Amino acid sequence: MNTDMRPVPDEIQAFIRNSHNDMIAVGIDGENTLHVDVYGECSSCPYNCLSAEGELAQSIIKEFPEIKRVSLIPAISEETIDFAKKLLGISKS
């Protein structure tokens, strides 16, 4: 994750809060990637993280075209996410 991030506009935070109440946007990097922290009971499930990332990215990019990508910050390791992607047949991004 890029540490040089700018704050997330209130309208994007509100959009995420209304659609995914177990996520909070933490910043937007220089490549217009929105970084979102996942918490709550589903945060440790790789499948939920992967499906939520896809759903959220699709809706955010449609509503806010200045956002080019959405990256979730899961409560689980990258190795677990990579393993789940392999099992689900999803290529690494």
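Scan the range 56-79 for residues that are among the hydrophobic types (A, V, I, L, M, F, W, C) and in contact (Cβ under 8 Å) with a residue 60 or more places away in the chain and the total you get is 1. For the range 54-93, the set of residues classified as in contact with a Ser or Thr (Cβ under 7 Å, 6 or more places away or on another chain) and in a loop (DSSP other than H, G, I, E, B) consists of Lys68, Pro74, Ala75, Ile76, listed by residue number.
Looking only at residues in the range 1-42 that are under 24 Å from Lys86 (Cβ atoms) and in contact with a strand residue (DSSP E or B) (Cβ under 9 Å, 6 or more places away or on another chain), which one is modelled with the highest pLDDT?
As a first pass, look at the range 1-42 and keep what is under 24 Å from Lys86 (Cβ atoms): 1, 33, 35-36, 38, 42.
Among the residues that remain, those that are also in contact with a strand residue (DSSP E or B) (Cβ under 9 Å, 6 or more places away or on another chain) are: 1, 33, 35-36, 38.
Values: Met1: 49, Thr33: 95, His35: 92, Val36: 90, Val38: 81.
Only one residue tops the list, namely Thr33.
Just to verify a result, which residue in the range 45-63, among those that are surrounded by fewer than 15 Cβ atoms within 10 Å (Cβ to Cβ) and not charged (D, E, K, R), is modelled with the lowest pLDDT? So, considering only residues that are surrounded by fewer than 15 Cβ atoms within 10 Å (Cβ to Cβ) and not charged (D, E, K, R), the one modelled with the lowest pLDDT is Tyr47.
The values are calculated or read from the model by the stated rules, or taken from the named source; none is laboratory data. Source: prediction; values computed, not measured. We place every Cβ from the backbone using ideal geometry, glycine too, and count neighbours over all the protein chains shown.
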